[in-house]
Amino acid sequence: MDKVFERGVTLIYLIAAISLTLMALLIMGWSIYEVVAHVLTPNGLEAGFISKMLSSVGAIIISVAILDVAKYMIEEEVLRSKQLHTPKQAREALTKIMVIVSIAVSIEGLIYILKAGATDVRLLIYPALLILASVFMMVGLGVYQKISLQAEKIEQS
């Protein structure tokens, strides 16, 4: 019974990872299409071109983060054993996910800084908070790494 359940869960993870991959590719394709369609309009390189490019870059960055999550799901949940056997494996898995999320958040913050700076300087607080959140995520990850490495050393002793 456990094997059937485990295979069912693995199949669900595989379907989710494939779905995420397809959606990320669609987002990328749509972003490229929007930029090309905008450029092909009369005055396409003048009216709102930078805004359209920044929106597309943001969407593609989110797509890459989605692809990283799908890759992680396939590597960790489909191809490898379901159980994290050691604290080191748990630390490595958590580090992968946190780095992916932190990079996506910081890049989105940078894109929004460019957008907000071009329209209203008072809006810069929101992207600055995104970047600050990314910094706190990385600091938290560093603290977690340090504590878990110490726990691994104690466990090995």
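The values are calculated or read from the model by the stated rules, or taken from the named source; none is laboratory data. These numbers come from a predicted model, not from an experiment. Using ideal geometry, Cβ is built from the backbone for each residue, glycine included, and neighbour counts are taken over all protein chains shown. Remember, those area values only see protein heavy atoms, side chains included, never the ligands or the DNA or RNA. Shrake-Rupley method; radii C 1.70, N 1.55, O 1.52, S 1.80 Å.
For segment 112-122, taking the residues that are modelled with pLDDT under 80 and in a helix (DSSP H, G or I), the one that is least open to solvent (accessible area, probe 1.4 Å) is identified as ALA116. From the list ALA47, ALA59, the lone residue that is among the hydrophobic types (A, V, I, L, M, F, W, C) and closer than 20 Å to ILE107 by Cα is ALA59. Taking the criterion of being in a helix (DSSP H, G or I), aliphatic (A, V, I, L, M) and either touching an Asp or Glu at 6+ places or on another chain (Cβ under 9 Å) or exposed (fewer than 15 other Cβ atoms within 10 Å of the Cβ) (or both), the residues of segment 75-100 that qualify are LEU79, ALA90, ALA93, ILE97, VAL99, ILE100. Just to be sure I understand the filter: pairs with C-beta atoms under 7 Å, separated by 6 or more residues or on different chains, first member in segment 27-46 and farther than 21 Å from ILE62 by Cα, second member open to solvent by 100 Å² or more (accessible area, probe 1.4 Å) and of a type in the set (A, V, I, L, M). Which pairs pass? Filtered contacts from segment 27-46: VAL39/LEU45. Put simply, of TYR126, TYR144, TYR72 the only residue that is free of Cβ contacts under 8 Å to residues at least 24 places away in the same chain and surrounded by fewer than 17 Cβ atoms within 10 Å (Cβ to Cβ) is TYR126.
The residues of segment 5-58 that are surrounded by 14 or more Cβ atoms within 10 Å (Cβ to Cβ) and of a type in the set (Lys, Arg) amount to a single one, LYS52. All of (1) over 17 Å from the mean Cα position of the chain (by Cα); (2) under 14 Å from LEU20 (Cβ atoms) hold for ALA47 with one exception: (2).
The selection criterion, being in a helix (DSSP H, G or I), over 24 Å from TYR13 (Cβ atoms) and touching a His at 6+ places or on another chain (Cβ under 9 Å), holds for LYS52.
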